[in-house]
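The values are calculated or read from the model by the stated rules, or taken from the named source; none is laboratory data. Computed from a predicted structure; not experimentally measured. Cβ placement follows ideal geometry from the backbone for every residue including glycine, while neighbour counts extend to all protein chains displayed. When the accessible area is computed, the model is the full protein with side chains, heavy atoms only, and any ligands, DNA or RNA have been set aside. Shrake-Rupley method; radii C 1.70, N 1.55, O 1.52, S 1.80 Å.
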Amino acid sequence: GTVANNDETYLESKHEVFLFADDKPIYFETRLQFTEGNTDDVNIFAGLVDGVAANLLVDDGAGMKTTASGFGFYKVDGGTKWVCWSSKSTTQTATTTNVTAGGSSYQTLAAVCNMVNSTTCEITFFVDGVQCRDSNNVPIVHSVTVTSATEMQVGFGIKNGADTTVEQLNIDYVVAVQLR
C-alpha cells in the first residue's frame, strides 16, 4: 500500500462457502493486532461477507459497504471502538461496542451465528472471550432475517484514514466453520 488516504488492502478466502441456513450454525474467530500511525485513523474489517472487493470498507470512515450478506467486526477512521456488524442485502445492523480496538496487544474476535428458525439467525459477538456490550453495557446480539442471503467468504480489510502513514494489520490466525 501507499500512504494515500483511503488506500486499501483486502485478504479473503478463495471461495464463498458459508451461507446462512437453518440448523447450520456458523463460528468465526480471529486473533489480530494493529497499531495506528495516528490515534484513530485506520479502518479495519474482519469477518464473513460476500464479495470482498474494493470499498468493502467505504471511504472516509463511512463503515461497511451498503449491501452485503455477512457479519463481523469493523473499526472506522475517527473511531476507537470495535463495531459489531451484520447484514442481509441492504438491511444492516451496526452496534458500537465498549471495547477499544487496536493497540500493541493482539485481540481475539469471535462471532457465533445460530439459526432461531428457518428465516432468522442471532449473532453473538465476543472480544477476548467476553461477550460484547454497547455503551450502556447491554449485551450485543443481532437478529438477522436471512431469507435469500448470498454465500459468504472469510474477509479482512484495512484502509488508510490519513495521508501520513501506511497502516498494518497482523493476523495471527482465523477459524471459520459451519455445521453441514
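Assorted remarks:
- Any chance residue 42 is aliphatic (A, V, I, L, M) and under 16 Å from the mean Cα position of the chain (by Cα): yes
- Filter pass, residue 22 being open to solvent by 40 Å² or more (accessible area, probe 1.4 Å), in contact (Cβ under 8 Å) with a residue 12 or more places away in the chain and of a type in the set (D, E, K, R): yes
Quick grid of which residues meet (1) under 16 Å from the mean Cα position of the chain (by Cα); (2) at pLDDT 95 or above; (3) under 18 Å from residue 178 (Cβ atoms):
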site: 92; (1), (2), (3): yes, yes, no
site: 110; (1), (2), (3): yes, yes, yes
site: 124; (1), (2), (3): yes, yes, yes
site: 146; (1), (2), (3): no, no, yes
site: 156; (1), (2), (3): yes, yes, no
site: 159; (1), (2), (3): yes, no, no
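- Among the residues of segment 130-176, not one is free of Cβ contacts under 8 Å to residues at least 24 places away in the same chain and on the phi > 0 side of the Ramachandran plot.
- Of residues in segment 60-75 being in contact (Cβ under 8 Å) with a residue 40 or more places away in the chain and in contact with an Asp or Glu (Cβ under 9 Å, 6 or more places away or on another chain), the one farthest from residue 159 (Cα to Cα): 69
Quick grid of which residues meet (1) in contact with a strand residue (DSSP E or B) (Cβ under 7 Å, 6 or more places away or on another chain); (2) not hydrophobic (A, V, I, L, M, F, W, C):
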| site | (1), (2) |
| --- | --- |
| 6 | yes, yes |
| 29 | yes, yes |
| 39 | no, yes |
| 49 | yes, no |
| 54 | yes, no |
| 62 | no, no |
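- Some residue of segment 8-17 being more than 22 Å from residue 141 (Cα to Cα), open to solvent by less than 10 Å² (accessible area, probe 1.4 Å) and in a strand (DSSP E or B): no
- Selected residue [more than 25 Å from residue 177 (Cα to Cα) and either under 14 Å from the mean Cα position of the chain (by Cα) or among the hydrophobic types (A, V, I, L, M, F, W, C) (or both)] from 17, 58, 52: 58
- Across segment 146-176, the qualifying residues are those that are part of a strand (DSSP E or B) and open to solvent by 80 Å² or more (accessible area, probe 1.4 Å), and the one among them that is nearest to residue 103 (Cα to Cα) is 168.
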